[in-house]
Amino acid sequence: MWKEKIQNFRQAADFMAQVSASGMVPGLDSIRRLTAQMGNPQDSLQAVHIAGTNGKGSVLGFVSTILKCAGYRTGRYSSPAVFSDLEKIQVNGRSISRADYVRGLEAVRTAAEAMAAAGLPYPTVFEVETALAFWYFRERQCDIIVLETGLGGLQDATNVIKNTIAAVITSVSRDHTAILGDSLAEIAAQKAGIIKNGCYVISAAQDREVMAVVEGVCSEKEAALRIADVSRAERIRSGLTRQRFDYAGMRKLEIALAGRYQIENAVVAVEVIDALRRCGYPVTEKMLRRGLLETKWPGRFTILAKRPIFVMDGAHNAEGAEKLRESVRFFFTNKRIVAIIGVLKDKDYEKIAELTAPLASQMITVTPPGTGRALPAYVLAEAVRCYNPNVTAADSLEEAVEMSYLLADSDSVILAYGSLSYLGKLAEIVADRDRIRRDAHGRSGED
């Protein structure tokens, strides 16, 4: 498929673009063959493996940052990216370098070509990325890695990992039903597929149907189950820059991530760290506190600008939309909302619109660029119009940002949400706009 040796970043990007065209194929046969060709780098790694519908990335952010603060060389693998594909693979919070990305992809390409020469299917882009991550973490001799599933769990490429210390199940709800199943029980069975024999299992408080599945798998695998129940968090104080809560005998734990739902994710992370302590990874309370506070996770109720406040959030499914609605009502009561929304066509965009469109005085729809899965802005606008008649389809992200600033005053809130695939580009547009405005003000002040 790609016979030429990968020697620079441009070739690496071209290779990944070509592999992406093959789409997605659930199952572990291909990733097992691919990693076997590479000497099974994953088998030397100790892992915290995270599955769930919402909250995976934030929990990964909390856990990996705490472990880094505790002195462990910590790898983390997440998707999708917000700003750059390099950020998907990190060690101690630093993205893989371009040089290592090129070197690692060449190792993966060589293995993939050997598979193709043997008449086997070529690996998918997610399988390639996953193998690259394992290769890099072995190269960097990570003490522990934290990785999230791409889709589901049981048949997800990341589930080739063997040495799972802790399997984490964040909030589970209906999403990707065409692949994972129509019922919560079917979806939960896919998520719980990451549970390995004898590992610790940390689950967020779940729907009864989901919890029954998780408990059943834990019993079968003789895995110790711990429930991270956010209802046990006390004295919660929420703000846009800091949130504080008491949990598990620790007072005034602080996080710098906004969004009411981040308290639940932080509670899950605290339980994960306690389980790791019991497995020979000591973490002091001081390091736990520091890691919680230092965690940053772009695209989750992230403040991009002020006056007006500009927030972006990756609410890309119904549960995410519900949590976003809760946060907007809590933080921005009686504020005028101007909203930008862009989603993928395989999402339940009508439900997302139903839950969120009534919050805004004006809606602007966009087509997420760079993906064939994008829902056209005009189609989304028709869905939104059922719940908010004040909707306009923008021709570009730049137009959407300019339109939102024209519609908002300094006391309004601009809210951009939906697919993470467009939020990174949108954040860059907002940053560039603010930079130009500050430079213009500076020049006028000098005059």
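The values are calculated or read from the model by the stated rules, or taken from the named source; none is laboratory data. Everything quoted here is computed from the prediction, not taken from an experiment. All Cβ positions, even for glycine, are placed from backbone atoms using ideal geometry, and neighbour counts span all protein chains on display. Please note that ligands, DNA and RNA were not included when accessible areas were found on the heavy atoms of the full protein model with its side chains. Shrake-Rupley method; radii C 1.70, N 1.55, O 1.52, S 1.80 Å.
Per-atom-type breakdown for the range 264-414 gives carbon and sulfur 50% of the accessible area (1.4 Å probe, protein chains only). The portion of the accessible surface of the range 95-138 made up by carbon and sulfur, rounded to a whole percent, is 60 (1.4 Å probe; DNA, RNA and ligands excluded).
Spin-label model, A118 to N40: label points 7 Å out along the Cα-to-beta-carbon direction sit 1.4 nm apart.
Compute the orientation-averaged projected area for the chain from the convex hull of its Cα atoms and round it to one decimal in nm². Over all viewing directions, the chain projects a mean Cα-hull area of 22.6 nm². A cut-off under 10 angstrom between Cβ atoms defines the neighbours of C69, and their net charge, with Lys, Arg +1 and Asp, Glu -1, is +3.
Just to confirm a number: summing +1 for Lys and Arg and -1 for Asp and Glu over residues other than N197 whose beta-carbon lies under 14 angstrom from that of N197, what do you get? Kindly include the intermediate steps, with their values, before the conclusion.
On the way: positive: K162, K196, K221; negative: E220, E222.
Summing Lys and Arg as +1 and Asp and Glu as -1 gives +1.
Per-atom-type breakdown for the range 191-263 gives carbon and sulfur 43% of the accessible area (1.4 Å probe, protein chains only). Computed with a 1.4 Å probe over protein heavy atoms only, the accessible surface of the range 183-241 comes to 50 Å² per residue. Amide H contacts for G39 (H built 1.01 Å from N in the peptide plane; partners 5 or more residues away or on another chain; cut-off under 5 Å): none found.
Take the Cα pairs of the range 208-318, get the Kirkwood Rh, then feed it into Stokes-Einstein at 20 °C and 1.002 mPa s and tell me D in µm²/s. List each step's numbers first, then the result.
Details: Rh = 15.8 Å.
Answer, rounded: 135 µm²/s.
Looking at the range 191-236, the GluC sites (Glu not before Pro) that sit in a DSSP loop and have at most 11 other Cβ atoms within 10 Å of their own Cβ are E222.
What number comes out for accessible area per residue over the range 61-162 if the probe is 1.4 Å? Units Å², please.
Values: 3380 Å² over 102 residues.
Ligands and nucleic acids excluded, the figure is 33 Å² per residue.
Where the alpha-carbon atoms of the range 54-189 are placed on the principal axes, they occupy 46, 43, 30 Å, in descending order. If the elastic network links every pair of Cα atoms under 10 Å, which of R290, R73, R237 fluctuates the most in the Gaussian network model of the chain? Checking each option, the largest mean-square fluctuation is seen for R237. Between P26, P80, P121, the residue with the greatest mean-square fluctuation in the GNM of the chain (Cα pairs under 10 Å linked by springs) is P121. Coupling constants for the range 331-346 follow from the phi torsions by the Karplus curve (6.51 cos²θ - 1.76 cosθ + 1.60, θ = phi - 60°), and in residue order they are 7, 10, 4, 6, 8, 7, 10, 10, 10, 10, 9, x, 9, 8, 6, 8 Hz; glycine and proline get x. In a GNM of the chain with a 10 Å cut-off on Cα contacts, which of Q18, Q243, Q362 has the highest mean-square fluctuation? With Cα springs under 10 Å in the chain, the top fluctuation among Q18, Q243, Q362 is at Q18.
Helix-only arithmetic for the chain: the sum of -39500 (n - 2.57) across DSSP H runs with n ≥ 4, divided by the residue total, places the mean residue ellipticity at 222 nm at -13500 deg cm²/dmol.
Just flag the GluC sites (Glu not before Pro) in the range 96-199 sitting in loop per DSSP whose Cβ has no more than 10 other Cβ atoms within 10 Å.
Working: sites: E106, E113, E127, E129, E139, E148, E186; in loops: none.
In loop regions of the range 96-199 (DSSP not H, G, I, E or B), there are no sparsely surrounded GluC sites (Glu not before Pro).
Computed over the alpha-carbon pairs of the range 1-67, the distance histogram in 5 Å steps reads 3, 11, 12, 15, 20, 22, 13, 4, 0 percent, short to long. Put +1 on the Cβ of each Lys and Arg and -1 on the Cβ of each Asp and Glu in the range 1-149; which of H49, A117, C69 then has its Cα farthest toward the positive end of the dipole? Farthest towards the positive pole: C69.
Where Lys and Arg each count +1 and Asp and Glu each count -1, what net charge lies around A377 among other residues with Cβ under 11 Å from its Cβ? Please list the in-between numbers first.
Working: positive: none; negative: E382, D395, E399.
Value of the local net charge: -3.
Remark: the range 308-447 carries 45 Å² of accessible area per residue (probe radius 1.4 Å; ligands, DNA and RNA excluded). Of the chymotrypsin sites (Phe, Trp or Tyr not before Pro) in the range 63-118, the ones in a loop by DSSP (not H, G, I, E or B) with at most 15 other beta carbons within 10 Å are F83.
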